[in-house]
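*Asks:* This is the structure I have questions about; it appears just below.
The numbers here are math on the coordinates, done by the rules we state, and not lab data. Everything numeric here is computed off the predicted structure, so don't read it as measured data. Positions of Cβ are generated from backbone atoms using ideal geometry, with glycine treated the same way; all protein chains shown enter the neighbour counts.
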Amino acid sequence: MNLSPLQKARYEYAPKLPGMLRNGIAEICVKEGAETSSVADQDKIKALFPNTYGKKEITFAKGQNTAPAKKQVVGVILSGGQAPGGHNVITGLYDALKATNSDNVLYGFKGGPSGLLEDDYVIFDDAFIDQYRNTGGFDIIGSGRTKLETEAQFAVVEEMAKKHGLTAIVIIGGDDSNTNAAVLAEYMAAHNTGVQVIGCPKTIDGDLKNEDIEASFGFDTATKTYSEVIGNIERDANSAKKYWHFVKVMGRSASHVALECALETQPNICLIGEEVAAKKMSLSSIAGYIADSVEKRAANGDNFGVAIIPEGIVEFVPEFSVLIAEINELLAGSKTDTFNALPSWNEKYDFIKNGLTAESFAVFDILPTGIQQQLFLERDPHGNVQVSLIESEKLFSALVKDELAKRKEAGTYKGKFNALHHFFGYEGRCAFPSNFDADYCYSLGYNAFMLISYGYTGYLSKVSNLSKPADEWIAGGMPITKMMNMERRNGEDKPVIRKALVELDGAPFKYFAAHRDAWAVETAFTYPGAIQYYGPSEVCDITTKTLALEKGTM
Ligand code: FBP
């Protein structure tokens, strides 16, 4: 295999563990804390998880290892979207497992949860693992979005576990996958299988976080990657002084990624979906807000700027959500065929006009034709509009252009507006993990094995105190049921881990809100540059601004 110099160097990088895990396996003891209860709906969650509810919070410490000697055969899966550092969770898990007993075995089930259902796996050895140390991507075993959630699937997993003699399963995933890990743990306990289930918190979106989980892995690297490129674009904008750049960044629903990139790069505009929903903003009021910045900057002779748009924004705009719901209804069942049979866009347009309420049609009608067509042509297998495919960066720049045309006519705006569009998503999901993510992920995996060897199940691997240097990090575990509440999903009440949206009274948003009016008018760009892997710690080991603000260290 041809290796880049950085790839070679990263193979040699020794990830930093929390201090209490550094003395070797023989000197890791466990301290049990208080019993836990779920964040809400305690009686209902307790009834659904009779075997795994209410367990104790645990932390590891330096001291004699008292875990029972037992050969461990562990299966691991990667679930959902890629996030930098996933390989290190697996290498950390492998190293702890082999350091405990060289006869222990680690299976990697391929392609996500489906690998476990279809018995598609590899057995890791040193040579295999060493090729993936400190590298980005999930290509070590692949990932997938199959949901592991039905009794029938659990029964298949039980069979697989029996077949391979699995003692534990580690699920590396986001809020949904870890919710399902908790349900699987309960199933395994209820059926006396002896198979433990441990989760690890992953997602670049940053929306798996709560009072116990300070950050999901991958968020640090992905946001640093996007911020590097946004900073480069800002510098280009400030050099050429002729374009407004509309940059969409990933984040399926929550706007944490956009907010962190804004804190890193100080753009003129950053929309936050959660604020849009709270203020019930309309598409035209958002366009007006951006146009105000364009107009003020133009008055200063600055016909350029940068606006960050979160991927999930449109679902937070109340009138847009109503429009989507009406379109889904309008095309339900056989009505899709009727619509598709109409020969021209003009006829389709009339069909839409007759089918929508006047309010929703008014919203539809201000959309650029390309977006209107996208809403009707690109649908998911259930016939629903695929909101994630909507090019919201183009949508908002078009709406701003229209608004500026009106202002030009009214004589208030005299500038030039040339927009360019970007979408940064996949570019950041498989970057070489930053030192933070390399260390954090390796620690999560190592720690997951410690939870297994001490016999815990239904726990999330927890590494906290993350705004401090790694030797001060605290390793332990938290019962997943503690993070759960009941929510209505697909017409049913379900126990789920609550998705963490941007908190409008949280420190990161407040910091942004306190500065954005100045950023909207001035050119206050900051240029974070590329992730640094080697060099002074204050350059290489910095955490996200979101974490620093949440922890009060910035
Ligand atoms: P996870 O929640 O599984 O971590 O994935 C998040 C994400 O990266 C989103 O930001 C994005 O909307 C989505 O995945 C894209 O999914 P896909 O890889 O299936 O296109």
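*Asks:* Add -39500 (n - 2.57) for each DSSP H run of 4 or more in the chain, then divide by its residues: what number comes out at 222 nm, to the nearest 500 deg cm²/dmol?
*Replies:* Details: 22 runs with 241 residues, N = 554.
After summing the helix terms and dividing by residue count, I get -13000 deg cm²/dmol.
*Asks:* If packing is taken as the average number of other Cβ atoms within 10 Å across a peptide's residues, how do 125-137, 269-281 rank, most packed first? Display every interim value, and only then the final one.
*Replies:* Numbers: 125-137: 17.2, 269-281: 19.9.
Highest-to-lowest ranking by the protection proxy: 269-281, 125-137.
*Asks:* Would you list, by chain and number, the aspartates and glutamates whose Cα falls below 16 Å from the Cα of LYS162, excluding same-chain residues fewer than 8 positions away?
*Replies:* GLU118, ASP119, ASP120
*Asks:* On to the next question. Compute the long axis of helix 151-164 from its Cα atoms, compare it with the longest principal axis of the Cα atoms of the chain, and write down the angle in degrees, 0 to 90, nearest 10.
*Replies:* Taking the Cα atoms of the chain, the angle to 151-164 is about 40 degrees.
*Asks:* Between helix 318-330 and the chain, what is the angle of the helix's C-alpha long axis to the longest principal axis, kept within 0 to 90° and rounded to the nearest 10?
*Replies:* Approximately 90 degrees, to the nearest ten.
*Asks:* Now for a separate question. I'd like the trypsin sites (Lys or Arg not before Pro) in segment 336-416 restricted to DSSP loop residues with at most 13 other Cβ atoms within 10 Å, sorted by number.
*Replies:* When the trypsin sites (Lys or Arg not before Pro) of segment 336-416 are filtered for loop state and at most 13 Cβ neighbours within 10 Å, LYS414, LYS416 remain.
*Asks:* Okay, moving on. If one takes the longest principal axis of the Cα atoms in the chain, at what angle in degrees, from 0 to 90 and to the nearest 10, does the Cα axis of helix 392-410 lie?
*Replies:* 30 degrees
*Asks:* Treat each spin label as a single point 7 Å out from the Cα along the C-beta direction, and report the LYS353 to LYS70 distance in nm.
*Replies:* Here the modelled spin labels are 7.0 nm apart.
*Asks:* Once phi is turned into θ = phi - 60°, what whole-Hz ³J(HN,Hα) does the Karplus curve with 6.51, -1.76 and 1.60 give for every residue of segment 207-216, x standing for Gly and Pro?
*Replies:* Each residue's phi maps through the Karplus curve to give 9, 9, 7, 6, 5, 9, 9, 6, 7, 8 Hz.
*Asks:* Tally the DSSP beta bridges in the chain and give the antiparallel ones as a percent, rounded to 5. Could the numbers behind the result be given before it?
*Replies:* Numbers: 24 of 57 bridges.
Here the antiparallel bridges make up roughly 40 percent for the chain.
*Asks:* Please work out the Cα center distance from segment 358-416 to segment 170-224, rounded to the nearest Å.
*Replies:* Cα centroid of segment 358-416 versus Cα centroid of segment 170-224: 37 Å apart.
*Asks:* Still on this model: What Kirkwood hydrodynamic radius, in Å, does the chain give when the mean of 1/r is taken over all pairs of distinct Cα atoms and then inverted?
*Replies:* 25.0 Å
*Asks:* For the cross-link pairs LYS296/LYS394; LYS62/LYS494; LYS248/LYS499; LYS71/LYS224, which exceed 32 Å when the distance is taken from alpha carbon to alpha carbon? Walk me through the numbers before you get to the answer.
*Replies:* Values: LYS296/LYS394 21 Å; LYS62/LYS494 39 Å; LYS248/LYS499 21 Å; LYS71/LYS224 40 Å.
Those over the limit are LYS62/LYS494; LYS71/LYS224.
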